[in-house]
Every structure is written in structure tokens, then in C-alpha cells.
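Please treat every number below as a calculation from the coordinates, not as lab data. On a predicted model such as this, the values are computed, not experimentally measured, just so you know. Neighbour counts are summed over all protein chains in view; Cβ atoms, including those assigned to glycine, are modelled from backbone coordinates with ideal geometry.
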Amino acid sequence: MNRLWGIVVVLVLLCGIMTPAYVQGSAARGYVSFVDENGVTVYITGWESQVGDQCITENNKRFEVVSIEDEVAHVKFIGEVNLTQYRQPTNNIGLSILKPRIAYAQGPNGKVAIYHTHSDESYVPTDGKESILGAGGIYKVGDAFASALKTNGMEVIHSDAKHDPHDNMAYERSRRTAVDLLKQNPDAIFDIHRDAVPPEVYSANINGQDVSKVQLVVGKYGATGKQIEDYALQIKAASDQKYPGLVKGIFFAKGGDYNQDLFPKSMLLEVGAQSNSRASAERGVALFADIVPTVLGKTAAAPGNVAGTTGLGTTEAGPSGASKSMGWILGLFIVGIAAFLFLSTGSMKEAKAKLKQFTTTEFANFFASTRKGTKRPKKTNNEKDKD
Amino acid sequence: MNMPIGMMLLLVVGVLVYFGIAHRILDRMRLTDKQALLFIAAIIVGSFVDIPIMSSPVELSINVGGALLPAMLAVWLIFKADETGEKVRGILATILVAVTVSLGSRYLPYEPENMFLDPKIIYGISAGMIAYLAGRSRRSAFIGGVLGIVLSDIIHMVTIINLGIPGTTDIGGAGAFDVVIIAGIVAVMIAELVGETREKLQGGPLLGTHRPEGLYEFSKEISHTNKKSKTPIKENNSNSDENDQKNRGDKNE
């Protein structure tokens, strides 16, 4: 009987996890259109999305996917995003005095790390194929980004680590590269990809140059998602000011954290699609490099908007993404503890007693000689068995 | 690093909660509180040490904090298991998790736009459930999560060598934040959650007089020890308190 219950519970949980997997699958046309309530296509992305995913379009309108039919994702309009609050502040002498000295130790223009999770991604018109395992055209786009950043006076670490094959574990392999790069203390870290849609979705002409646009991808799954969202909005605000139309939009994917949980200034960029030429992608990412110093607060003497979007928040704008993320982490932590206590003990009285036992005796081991009157109950054999 | 206060606090809170949970999990792996804390310190320091194993045909290295230490703990747990059955279950969980990860990585969605759950969590959950089905044990969940991912990395390496794809395999390369450790932690949490939920569905642990003998009851235990400990402290001088603590220390060892 016990085993039967166990199997039922596990099957129910497994079904919950596996069901979305069957809903997935590569679209036959190769991409998905986001269609709003009026039947207008507002956004196009390369792969099937999920209900709950969101996007911010080039015109700063926010939509959420409510249902998906074949290659059409029906979206609802959530609202317009006011990007002005995400712009970098002008020079402020008061704040520049408060800026920690360590910031200067890395040189005035900062350090940027670049890597590529999907090492095979390539551009058909230039590279001939859309996927070249271990040597994708995406590395050349990374090189173009790196040299443009260097022109702007920034220090660049461009990793050539390979993470093929292009599978579900690729982000876990590139996580190791990301941590390796973070050990070198960069100011920002970018994971460069390309999308998979028709060429017109990413084609643009900016300042007389034919370029491929850039899409920002934010992993909403991780607890730090809110913080990364703020960062993405800052990037779009800076880009819209300098090169309107360069950032195609922001995609909020709820399925993963894409290693953005490791560092608050992490961003996933999709530069053009497989159908665009690599040269146009290289030009697009080079323009994008011009806004990086602004985003990192390297052009003004003041660090970026200390009290507002990157700090703890302001009374007018509400809490910042970082504060919201902290709230999520602590909230989930407390709810998790409460749920565990309730499940494992069986009654509120027992749960309270267990919590008291934990707070009074668990740390007695560390502070035994300084705390009087707290007595650690001896672990019984039965309790050890339970472990 | 030029970082505003909000981001710094977020990093600090995130790291504290993460290592706090890791500590509670390690505490259940035949380690005392102090040993678990030392182990976490060793993982953090070890995160900065990569041991190269080979450089051709693909680069292979292992990170001390992210893979070597947790794998050693898992292997030690297998050796220390009381019954042969428990050892077999630990090894079985490892193999099943490695197979799940290898198949899952091939067939589950892999683009940012269509992933439905973070791979770290998927494989942690798989490890927890497999270990629960195999032996209802937190320890085999940890073993399955940690060694399963390490084994899946070795499978990945063999795959790319066979296919002739250039690449690197840095087992546990993300150190304390590697999928090896996260899968181990999530696996234990899932085994615990499934186990406790099932127990709860069955009516929960009995309370009161019908409670099975030896099943730990916290409220009773606390009231019992409180009554006992208060009396001698009030009546006796500090010497007896010191003796008391010495005895307690012996018991804890």
C-alpha cells in the first residue's frame, strides 16, 4: 500500500514535469508570430514559446502569451513601459565622491566578458550553414563585439570555449565558462547568440548602415529575474537614445535562468538570425558596443542611478529589481521552511516545537561555551536512522 | 567592481540563502554541523582550483569544489552505507540519473524561448525522484544527483569525441554554483518533499500515545529537556554546568 501511494505521487509529479515537453517541438515554419487581440503581429521569435512568456517590443509595449496554436502565440497587451526612468543620470559630483575606489582600479572604462553558449550558431548567407559544430560564425560576431568595445576603451575577455552539442545541457556547460570569466572580475558579461527567423525581422538601417538588430533575452525563471529585467530595460533605454531601432525588443523567457543568476549584469543577446548575413550582424553588434559604456555608468562620473533602478529603489519608482529579487528569494525561503515544517511534523504545535528545537539547539554546537542554559538533546539512534 | 548597493545586497542575500540550504542538506549526509560548514568552506576554496586530466582529443578537467569534493563525499556515503542494498541503490540512482540527463539533454527543448524548466532543476528533480523510488533515501538522492551529473559529463565527453566535435569538458567547473552541487541539493529536497508529502497523505505521523516507539516528537522532547535542565542550573553552581557541557560534547562526538 505504501509503495502504491509512492508510485501515485511520483507519477503525478512526473506528469506535471513531462507534459510541457510534449507541447514543445520545433515549429514547421521555423518561427512563431505573437498576435495581439486585434489580430496584429506584434513580435516574431524563432522558437515556440510558452504561456506566460512576455516580450517588450521595439516600441516599448509589453505583451504576455496567453495561448499558443501551432505557430501563432496569442498575446495580451499588458502596458507601455516608460523607459525614461531607466536612463543613466547626468554627472553628479556628490555621487562621484562616494564611488568606491575599487572602481578606478580596473581602469575608467571597465571590463566586459563575452562567451557563446551555442557554439554552432552560424549565418546561412555568409557561413553557408546555420549550424557548424564547434566553429560557428557566432564567434566572429563575438570578435566584432570585442573589437568595438576595445575601440570604446574597454577591456574585453572573449572566451572561445565550446559547449556543443546544441542541447538542453549546453547552458550548464557554458555556466562553467561564465563562472570562469566572472573570476576575472568583469563589469558585465554577455552571452552572444543568433535567432532563427526570416531576415526582415532583424534587418534595419541605422545611420545609413544595413545592420542586424539585437534582441535581449531575460531569464525570468531565476529569483534574480527581476534584477536582470531592470538591467535589460536600462540597456534598451540607452540604446533607444543613441540608436533608435537597434534593439528589436526584450524577450522574457520563464523557462530558465540562462546563467543570469550568477551575476547581476548578465545579458543574453541574439544578434540577427540565421537568415541574415554575418557581416550585418557584426555591424549591428558593433553599434551595440557603443552603448555598453553608458549602461555600465562609465561615461558619467557617477555610478548608474544609485538610488533608483539599480539601487534599492525610490519612493516614486517603487522598489528596484534587485529589491524585488531579494524579496522573492527571502519569501520563497520562508514559505519553503514553513511548508517543510508543516509537512514533516503533522501539526502546528509540532512544527513550532521543531522550529524552537532548531533555533535553540542547532547552533549550540557552534556557541556551546558561550550560551548557558541551552541544552542540546542527544540525537537518538532513531533520528540518526532517519537521516 | 562598480556595483550599486541593491545588487551587492542581492548577491549577499542570494549567497547566504544558497549556502544556508546547502548546509542543512550536508548536515544530513553523515556530517556534523561543523563538518558541513567546513565542507562548504572547502567547496568555495576548491571552486578556484581546476585539475587538468587530459588535453587531447578533448580538454578534460575537474574542479575541486564543484565536482571532486562532492563526488568524494558521495562515494564515501556509498562505502559507509550499512547494507549492500543501500550501496546498490546509490549506484543504481547514479546510473539512472546519468541516463536521464543524457536522454533529457538530447530530447528536451534547448532554446531560451522554449525551455520550460531550468535544466539544473529538471535533473535535480529527476535525481530526487529516482532516488526516492529506488530507496526512499536522502543519501542516495544526493549520491544520484552528484555522481549522476558527473557521469553524464563523462558520457558527454565520450559523445563529442565519437562525433569529432571540438569541445571541452570541465566537470564541476562552475564550482559551488555548478549543476553537480545544485542537482545534489535539489535531489535531497525533492526526496524529502515527496517522502513527507506521501507520509502526510497517509495521515501523517501519529501523535500522542499511539505514536510508534522511538519516533522523534519535538514538542515532548523540548518540554522534557527544559524541565530537566532548568532545575540543576538553578540549584547548582557553575562547575556542574561546565561538567554538563563536557558530557554533552562527548555525546555529540
(request) Evaluate the distance, in nm, between pseudo-label points positioned 7 Å from the Cα of residue B:23 and of residue B:53 along their respective Cα→Cβ axes. (result) 3.2 nm
(request) Could you calculate the contour length gain from residue A:207 to residue A:184, that is, 0.36 nm times the residue separation minus the distance between their Cα atoms, to one decimal place in nm? (result) 4.8 nm
(request) Count charges around residue A:243 for me, please; just the other residues with Cβ under 13 Å from its Cβ, Lys/Arg as +1, Asp/Glu as -1. (result) +2
(request) Provide the FRET efficiency to the nearest 0.05 for the residue B:75-residue A:339 pair, computing r from the beta carbons and using R0 = 45 Å. (result) 0.90
(message) Report, in listed order, any pair from A:254/B:120; A:61/A:140; A:162/A:183; A:226/A:356; A:183/A:248 with a Cα-Cα distance greater than 22 Å.
(response) A:61/A:140; A:226/A:356; A:183/A:248
